[in-house]
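Below is one structure, written out as structure tokens; the observations come after it.
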Amino acid sequence: MDSLLHVTAVLSVVLLAMVLISLRRAHIRVEYSVSWLLAAVAMLLLSLSRPVLDAITRWTGVPDSPLTLFLITGTVFLVMFFRFSVIISHLRDDNVALTQRVAMLEYRVRSFEQE
Amino acid sequence: MNRASGADALLVIVPALNEEGAIGEVVRQIRQHVPDVPVLVIDDCSEDGTIGVARAAGADVLPLAHHLGLGGCVQAGYKLAYELGFEYVIRVDGDGQHDARDIPAILERLKSTGCEMVIGSRFVEENGSSTGMVRGLGIRFFRMVLRPILGKPVRDPTSGFVGVNRRALEVFARSFPLEYPEIEALVVLQRRRFRFEEVPVKMHPRLAGRSTITPRKSLYYIVHVLLGVFVNILKYDGRPRPGRGG
Ligand SMILES: Nc1nc2c(ncn2[C@@H]2O[C@H](COP(=O)(O)OP(=O)(O)O)[C@@H](O)[C@H]2O)c(=O)[nH]1
Ligand SMILES: [Mg+2]
């Protein structure tokens with residue numbers, strides 16, 4: 001049982017390291033790293049503090065603590081993935097508008113040049 | 001073409017993706033049947049010679065820097081037409097399926113009725129050669145779905161042979177679906193209480209190439225468009241989003 005929590009602890013440390021390294025190398029923007037960092041830290045704290053996890057488990061009525069941890073992480077990641085879809089949609093909108101705008105400007109430059 | 005010439009100027013737009021085999025003839029036909037009307041081919045980043053062929057045939061070309069999909073491509077044309085001051089825009093497909101001889105009838109109907117959109121509609125069902133089985137079922141399905149939404153029947157909701165006036169242009173410049181635009185556009189108009197009419201037209205088989213809507217994609221098309229329709233009905237009318245929504 002507890003070995004499972006050790007695994008998640010190690011995983012969250014790996015995640016944390018990955019995000020920090022990516023940040024340092026500017027592979028990820030700060031504003032997009034915050035949610036990953038929070039998720040990793042939360043996962044780490046929960047896997048290290050068995051009492052807290054047990055309390056949540058008793059309170060929610062989930063059969064056992066590791067399952068609680070997985071449910072929590074699962075939910076957090078689901079929310080984050082959804083957020084990414086929202087962000088991607090915004091980027092797509094901006095990108096479409098930009099592409100159209102550039103095409104129109106190019107068109108007008110060309111027709112002025114031809115006069 | 002820098003501006004619309006005259007108070008009720010018409011622009012013909014032709015969205016095209018890899019249509020070098022057909023686009024030249026399409027442009028020539030349009031210029032023959034509606035001379036003095038500028039033709040704008042919007043190229044959705046074709047990988048063939050579409051742009052060159054279109055220019056050689058006498059069209060202006062609006063070249064998109066990367067692929068946007070049919071809706072984004074048509075919307076680029078609407079935006080430009082709106083900015084240049086055109087009163088009417090008629091969209092003709094670049095594959096030769098639409099007959100340029102029908103353009104005057106669509107324009108006439110736009111002018112005489114003052115309605116925002118006129119659809120060139122193949123009232124008589126085509127045979128299987130150009131409308132596959134799945135596609136035919138899809139059209140029938142959407143007729144059923146759209147009827148209560150639009151409050152009147154629409155015979156050919158997937159037709160791309162569509163004329164719009166400046167009021168519709170203004171709306172579409174702000175809000176137009178990105179991918180399969182025809183059906184969603186009808187719902188966008190309906191939300192503004194705009195009117196549309198249908199005019200019977202001939203539709204030919206494609207001059208060259210293949211339809212981008214293959215039977216396999218038809219199912220995706222149906223789900224995608226159905227979702228789009230309901231999103232448009234439920235849409236929150238807040239911040240106008242560029243490119244999509246609004
Ligand atoms: N811009 C753009 N045009 C497209 C795309 N797919 C098709 N088209 C154009 O849209 C028109 C209609 O496409 P087509 O494949 O014939 O659809 P169908 O007539 O409804 O079967 C043609 O002029 C195509 O060149 C796309 O992804 N982007
Ligand atoms: Mg076609």
**Message:** I'd like to know how chain B sits against the 2.2 N^0.38 Å rule of thumb: what's its Cα Rg over that expected value?
**Reply:** 0.93
**Fill in**
Quick calc: nm separation of the 7 Å Cα→Cβ label points for A:Q114 and A:S35 -> 4.6 nm
**Asked** If you bin the C-alpha pair distances of chain A every 5 Å from 0, what whole percents do you get?
**Response** 2, 10, 14, 15, 13, 10, 8, 6, 5, 4, 4, 3, 2, 2, 1, 0
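Sorted by mean Cβ packing within 10 Å, highest first, what order do the peptides B:69-78, B:140-149 take?
Working: B:69-78: 25.5, B:140-149: 14.7.
Order by mean packing, descending: B:69-78, B:140-149.
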**Prompt:** Modelled label-to-label distance, A:R83 and B:A105, 7 Å Cα→beta-carbon offset: nm?
**Reply:** 5.6 nm
**Request:** Given the peptides B:206-213, A:95-102, arrange them by the average over their residues of other C-beta atoms within 10 Å, most packed first.
**Result:** A:95-102, B:206-213
**Request:** Go through region B:56-69 residue by residue and turn each phi into a ³J(HN,Hα) via Karplus (6.51, -1.76, 1.60, θ = phi - 60°); whole Hz please, and just put x for glycine and proline.
**Result:** 4, 7, x, 9, 7, 10, 10, x, 7, 6, 8, 5, 10, x
**Prompt:** What does the average come to when, for each residue of peptide A:103-109, you count the partner chain Cβ atoms lying within 10 Å of its Cβ?
**Reply:** 6
**Request:** Kindly write out, for region A:50-60 in residue order, the coupling ³J(HN,Hα) from the Karplus curve 6.51 cos²θ - 1.76 cosθ + 1.60 (θ = phi - 60°), rounded to whole Hz, with x marking Gly and Pro.
**Result:** 3, x, 4, 4, 4, 4, 4, 4, 5, 5, 8
**Prompt:** In square nanometres, what is the average projected area of the Cα convex hull of the protein assembly as shown?
**Reply:** 23.5 nm²
**Fill in**
Averaged over the residues of B:204-215, the number of partner chain Cβ atoms within 10 Å of each residue's own Cβ comes to 0
**Message:** Suppose each label sits 7 Å from its Cα in the direction of the beta carbon; what would the B:L234-B:R193 distance come out to in nanometres?
**Reply:** 2.5 nm
**Fill in**
Gyration tensor on Cα atoms of region B:1-45, a ≥ b ≥ c root eigenvalues, a/c under 1.5 rounded, else prolate if a/b beats b/c, else oblate, says oblate
**Fill in**
With Rg from the Cα atoms and Rh as the Kirkwood inverse mean 1/r over Cα pairs, region B:63-103 has an Rg/Rh of 1.01
**Prompt:** What is the set of long-range amide H partners of B:L11 at a cut-off below 5 Å, with H atoms built 1.01 Å from backbone N?
**Reply:** B:Y88, B:V89, B:I90
**Request:** Just tell me how shielded A:89-98 is by partners: mean number of partner chain Cβ atoms within 10 Å of each residue's Cβ, no decimals.
**Result:** 5
**Asked** Considering chain B as a Gaussian network with a 10 Å cut-off on Cα pairs, which listed residue, B:V39, B:V199, B:V92, attains the greatest mean-square fluctuation?
**Response** B:V199
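Show me the ranking of peptides A:57-64, B:45-52, B:94-101 by mean Cβ neighbours inside 10 Å, starting with the highest. It would help to have the intermediate numbers written out before the result.
Details: A:57-64: 11.6, B:45-52: 16.9, B:94-101: 22.9.
My ranking of the peptides, most packed first, is B:94-101, B:45-52, A:57-64.
No lab work stands behind these numbers, since they all come straight from the coordinates. Predicted model, so just to flag it, every value in this text is computed and none were measured. Note that we place each Cβ from the backbone using ideal geometry, even for glycine, and neighbour counts take in every protein chain shown.
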